[in-house]
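Below is one structure, written out as structure tokens; comments come after it.
Derivation of every value follows stated rules applied to the coordinates shown; laboratory data play no part. Owing to the predicted nature of the structure, the values given are computational and were not obtained by experimental measurement. All Cβ positions, even for glycine, are placed from backbone atoms using ideal geometry, and neighbour counts span all protein chains on display.
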Amino acid sequence: SQTIHQWPATLVQPVGSPLSLECTVEGTSNPNLYWYRQAAGRGLQLLFYSVGIGQISSEVPQNLSASRPQDRQFILSSKKLLLSDSGFYLCAWSEGLAGLTSTDTQYFGPGTRLTVL
Amino acid sequence: AQKVTQAQTEISVVEKEDVTLDCVYETRDTTYYLFWYKQPPSGELVFLIRRNSFDEQNEISGRYSWNFQKSTSSFNFTITASQVVDSAVYFCALTSNTGKLIFGQGTTLQVKP
């Protein structure tokens with residue numbers, strides 16, 4: 001069966017510091033991978049998605065970036081954190097047989113709670 | 001444009017009551033999929049159900065049931081005999097033809113003992 005991991009679970013960082021959040025998926029090959037942010041107030045915002053190694057699509061301009069160095073690894077980064085980067089970051093995966101399709105069910109990881117002070 | 005509306009921000013019920021969470025969607029696509037996810041206090045989004053636009057049959061899974069009505073663009077979720085463990089935020093979502101999930105704002109359900 002497939003599992004998705006995220007770490008760290010919680011993180012407190014000062015403004016201006018760098019960020020690296022990691023997501024890995026087990027039990028599947030060539031998945032589509034996604035990063036979402038959930039700010040206070042619940043709304044889920046898609047930040048990035050990837051249909052393959054090195055292929056990253058950005059949904060929202062910001063000071064965050066994503067990379068996919070391996071098939072089942074997805075990394076969210078920032079060179080300098082802002083206060084507004086605080087939130088709950090969720091990674092998700094879906095079957096990637098034909099890129100992004102409307103049939104995909106996304107399965108989410110446990111999330112990382114980031115507080116920027 | 002694609003949109004999902006969950007008009008109920010918060011619902012509070014007493015254990016064993018039935019509760020219905022509303023979801024209304026907008027899309028111009030003829031083929032689409034609708035989803036419900038549960039987010040317990042731990043934060044992880046748990047997938048509950050996926051329905052495609054061509055299947056309007058209601059679905060029941062234990063105490064959970066879903067009512068999909070294309071005529072009213074609604075995909076409502078009912079929990080029968082609610083339990084404290086059902087307390088969570090529930091999200092309705094829609095996939096567009098680009099494959100991206102569009103979420104509603106969520107409904108917080110509190111089930112009191």
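Below, the figures for the structure above:
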{"item": "Rounded to whole Å, sorted largest first: equivalent-ellipsoid semi-axes of region B:55-113, Cα gyration tensor", "result": "24, 16, 9"}
{"item": "DSSP-assigned coil residues among trypsin sites (Lys or Arg not before Pro) in region B:24-103, each with at most 16 further Cβ atoms within 10 Å", "result": "B:Arg28, B:Arg63"}
{"item": "Residues A:Ile53 and B:Gln110, FRET efficiency given R0 of 35 Å [Cβ-Cβ distance, rounded to 0.05]", "result": "0.20"}
{"item": "Alpha-carbon Debye profile of chain A, log10 I(q)/I(0) at 0.20 Å⁻¹", "result": "-1.06"}
{"item": "Coil-residue trypsin sites (Lys or Arg not before Pro) of region A:44-117, DSSP, other Cβ within 10 Å capped at 15", "result": "A:Lys79, A:Lys80"}
{"item": "Value of Rg/Rh across the protein assembly as shown [Cα atoms, Kirkwood radius]", "result": "0.97"}
{"item": "Formal net charge of residues neighbouring B:Thr80 (Cβ-Cβ distance under 14 Å; K, R +1; D, E -1)", "result": "-3"}
{"item": "Square roots of five times the Cα gyration tensor eigenvalues for region B:13-58, Å", "result": "25, 15, 10"}
{"item": "Sites matching chymotrypsin sites (Phe, Trp or Tyr not before Pro) across region B:36-83 that sit in DSSP coil, with at most 10 neighbouring C-beta atoms within 10 Å", "result": "B:Phe54"}
{"item": "Intensity falloff of chain B expressed as log10 I(q)/I(0), Debye formula with alpha-carbon point scatterers, at q = 0.17, 0.19 Å⁻¹", "result": "-0.77, -0.95"}
{"item": "Centre separation in Å (Cα based) which lies between region A:53-77 and region B:8-29", "result": "34 Å"}
